[in-house]
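Chemist: Got a structure here, written out as structure tokens. Questions coming.
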Amino acid sequence: MPKIISGFSKLTKQEKIDWLSKNYFSSQPEIINTIQQYWNADEKLQQLHDDFIENTISNFYLPYGIAPNFIINGKDYVIPMVVEESSVVAAASLVAKFWSKRGGFKSEVISTTKIGQVHFMYQGDRSELTNYFNLQKENLYKATASITKNMEKRGGGILDIELVDKTGRLDNYYQLHVTFETKDSMGANFINSCLEAIAKAFRKDDIEIVMSILSNYVPQCVVRSEVSCKIEDLGGKNPQKFAEKFQQAVQIAEIEPYRAVTHNKGIMNGIDAVVLATGNDFRAIEAGAHAYAIKNGSYSSLTHCEIKNGVFRFWIEIPLALGTVGGLTALHPMAKLSLDMLQKPSASELMQIIATAGLAQNFAALRALTTSGIQEGHMKMHLMNILNQLNATNEEKEQMVAYFKDKTVSHSAVVDKFNELRK
Ligand code: MEV
């Protein structure tokens, strides 16, 4: 019999846990203990987290790390990162230091507008619809006046409302395509409220509204970060060869989707970590970034590289719809701490910081991939995870780390050495 329950959300937290453990776990005390282990002792703080979502029974920790030494547009930053993958923060820190000695990162916001759409069906005459839209347009702005008032004071609001005929793709399908500026807020609630007010004002007997929703595709909310230096300043034994191989790796990701997806995944390792740390919506960022990566019809790299007149240049161009006010940014104490650590950036500044974190991550991955390979550094960082799985003591960990300092880490090599040590 399926275990279907009604009114679950109305149960207390304890009742929810009891129901869960009775129905889905064999060892109840153990599971209850694990769940409770992650409760915060500060009840007020726990309540805050409980209230973020429905049916909260515990918290799920992810490490919160910091990557120092980032110089962006001449300003120094320590970048907070929330991520479980062992090598990400180490890679960001290494690359930040590397480029801090070569002029740092340069970053500029190219555009900041966002899109929302009212999708509707209309079977009547097209020119009548156009006339109706032109007549109504002023009213559509007026219908949102109470919502846009505060945003306008901050320099944002609705920039444009267009009627778009999509009947060539789907019978009777039209849109109101609305362009927004939301300044320092990500603006999801603002945009959706405006769209619903617009849809209500636009609706009439022969117009059937299907839905009103923002778009997470934001090709007009784009930032570009870059690094550059003379090839000889790249260091190493053969900087020219390094630069060429590096560029080839980028070119491969530009034309080969199988590689591009992994290449961009590495970029998102850096981006998502800062997006999470600052309380932003990483699903929106992911969706928008990957859509942008295929904007020319074939999935491609979000970073690019050029070698010209003896200068190596490496850059990223990525859409990032971010907020530094509203949402979780002030509510989650750690998100607030992250923004304070970044010296209370505007949304535009945060776009620059986060794009830079993505670029740095990609630089680290490509540098490793085109030289020593990725596993050397990756497995060194993973060593601690393996040791934790083996329940190693602190003393054993120290001995194992010292042993593997100049050796290749593999799961079996670690287990063998560990067993030898314990004998
Ligand atoms: C692993 O999380 C990310 C990489 O695979 C990225 C890349 O291949 O460029 C190392």
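The values are calculated or read from the model by the stated rules, or taken from the named source; none is laboratory data. These numbers were taken from a predicted model, which means no experiment stands behind them. When we count neighbours, we look across all protein chains shown, and the Cβ atoms used for this are built from the backbone with ideal geometry, even at glycine. Calculation scope for accessible area: heavy atoms of the full protein, side chains included, ligands and nucleic acids excluded. Shrake-Rupley method; radii C 1.70, N 1.55, O 1.52, S 1.80 Å.
Chemist: To one decimal place, what Kirkwood hydrodynamic radius in Å is obtained for the range 166-207 from all pairs of distinct Cα atoms? Could you put the intermediate results ahead of the total?
Modeler: Working: mean 1/r = 0.0819 Å⁻¹.
In the range 166-207 this quantity evaluates to 12.2 Å.
Chemist: With a Cα-only, solvent-free Debye model of the range 139-196, what are the log10 I(q)/I(0) values at q = 0.16, 0.18, 0.21, 0.31 Å⁻¹?
Modeler: -0.53, -0.63, -0.78, -1.32
Chemist: Can you give me the Cα centroid spacing of the range 357-423 and the range 82-111 in angstrom?
Modeler: 22 Å
Chemist: For the range 102-161, just list the percent of Cα-Cα distances falling in each 5 Å bin from zero outward, please.
Modeler: Calculated P(r), rounded to whole percents: 4, 12, 16, 19, 14, 11, 9, 6, 4, 3, 2, 1, 0.
Chemist: Going by average Cβ neighbours within 10 Å, how do the peptides 358-366, 127-135 rank, with the highest at the top?
Modeler: Numbers: 358-366: 27.1, 127-135: 12.7.
Per-residue Cβ counts within 10 Å, averaged per peptide and sorted highest first, yield 358-366, 127-135.
Chemist: Continuing with this model, one more query. Ignoring any ligand, DNA or RNA, what whole percent of the accessible area of the range 44-195 comes from carbon and sulfur when the probe is 1.4 angstrom?
Modeler: 51 percent
Chemist: Let me check the size of the range 114-214 from its C-alpha atoms; what are the radius of gyration and Dmax in Å?
Modeler: Just the Cα atoms of the range 114-214 yield Rg and Dmax of 13.4, 41 Å.
Chemist: On to the next question. Between 0 and 90 degrees, rounded to the nearest ten: what's the tilt of helix 375-389 against the longest Cα principal axis of the chain?
Modeler: Helix 375-389 sits roughly 80 degrees off the main axis of the chain.
Chemist: Of all the C-alpha pairs in the chain, what % are more than 34 Å from each other?
Modeler: Values: 42382 of 89253 pairs.
For the chain, the fraction of Cα-Cα distances above 34 Å is 47 percent.
Chemist: Still on this model: Principal axes first, then extents: for the Cα atoms of the range 377-422, list largest minus smallest coordinate on each axis, whole Å, largest first.
Modeler: Taking max minus min along each principal axis of the Cα atoms, the range 377-422 gives 24, 17, 17 Å.
Chemist: Just D184, D51, D340 to compare: in a GNM of the chain, with alpha carbon springs under 10 Å, which one fluctuates most?
Modeler: D51
Chemist: List, in order, the whole-Hz ³J(HN,Hα) value for each residue of the range 89-97 obtained from phi through the Karplus relation with A = 6.51, B = -1.76, C = 1.60 and θ = phi - 60°; use x for Gly and Pro.
Modeler: Per-residue couplings from phi come out as 5, 4, 5, 4, 5, 4, 5, 4, 5 Hz.
Chemist: Of all trypsin sites (Lys or Arg not before Pro) in the range 320-411, which ones are in loop regions per DSSP and have a Cβ with at most 11 other Cβ atoms within 10 Å?
Modeler: On the way: sites: K336, R367, K380, K397, K405, K407; in loops: K405, K407.
Filter output for the range 320-411: K405, K407.
Chemist: Let me ask something additional. Just to confirm the number: angle between the C-alpha axis of helix 126-143 and the first principal axis of the chain, 0 to 90 degrees, nearest 10?
Modeler: 70 degrees
Chemist: Sorted by average packing, counted as other Cβ atoms within 10 angstrom per residue and highest first, what order do 37-44, 349-356, 149-156, 91-98 take?
Modeler: Details: 37-44: 10.4, 349-356: 27.1, 149-156: 13.6, 91-98: 22.5.
Put in order of decreasing packing, that is 349-356, 91-98, 149-156, 37-44.
Chemist: Could you rank the peptides 301-314, 278-291, 7-20 by their average count of other C-beta atoms within 10 Å per residue, with the highest value first? Could you put the intermediate results ahead of the total?
Modeler: Working: 301-314: 17.6, 278-291: 19.9, 7-20: 12.6.
My ranking of the peptides, most packed first, is 278-291, 301-314, 7-20.
Chemist: Pairs to check: K149/K183; K149/K336; K97/K344; K142/K200; K241/K308. Give those whose C-alpha atoms are more than 19 Å from each other in this structure.
Modeler: In this structure, K149/K336; K97/K344 exceed 19 Å between Cα atoms.
Chemist: Here is a follow-up. Mind pulling the angle between the C-alpha long axis of helix 13-24 and the longest principal axis of the chain? Nearest 10 degrees, somewhere in 0 to 90.
Modeler: So the helix axis and the longest Cα principal axis differ by about 70 degrees.
Chemist: Considering only protein heavy atoms, what per residue accessible area in square angstrom results for the chain with a 1.4 angstrom probe?
Modeler: Numbers: 22400 Å² over 423 residues.
Ligands and nucleic acids excluded, the figure is 53 Å² per residue.
Chemist: Now, a different point. Give the distance, in whole Å, between the Cα centre of the range 31-60 and the Cα centre of the range 161-203.
Modeler: If we compute the Cα centre of each part, the gap is 38 Å.
Chemist: Let me ask something else about it. For the range 8-50, state the average projected area of the convex hull of the C-alpha atoms over all orientations, rounded to one decimal in nm².
Modeler: On the way: hull surface 13.1 nm².
Directional mean of the projected Cα hull area for the range 8-50 stands at 3.3 nm².
Chemist: Beyond 25 Å between alpha-carbons counts as too far, so tell me which of K75/K230; K101/K237; K16/K44; K3/K44; K16/K265 fall in that bin. Show your work: numbers first, answer last.
Modeler: Values: K75/K230 22 Å; K101/K237 18 Å; K16/K44 20 Å; K3/K44 33 Å; K16/K265 36 Å.
The pairs that break the limit, which is 25 Å between Cα atoms, are K3/K44; K16/K265.
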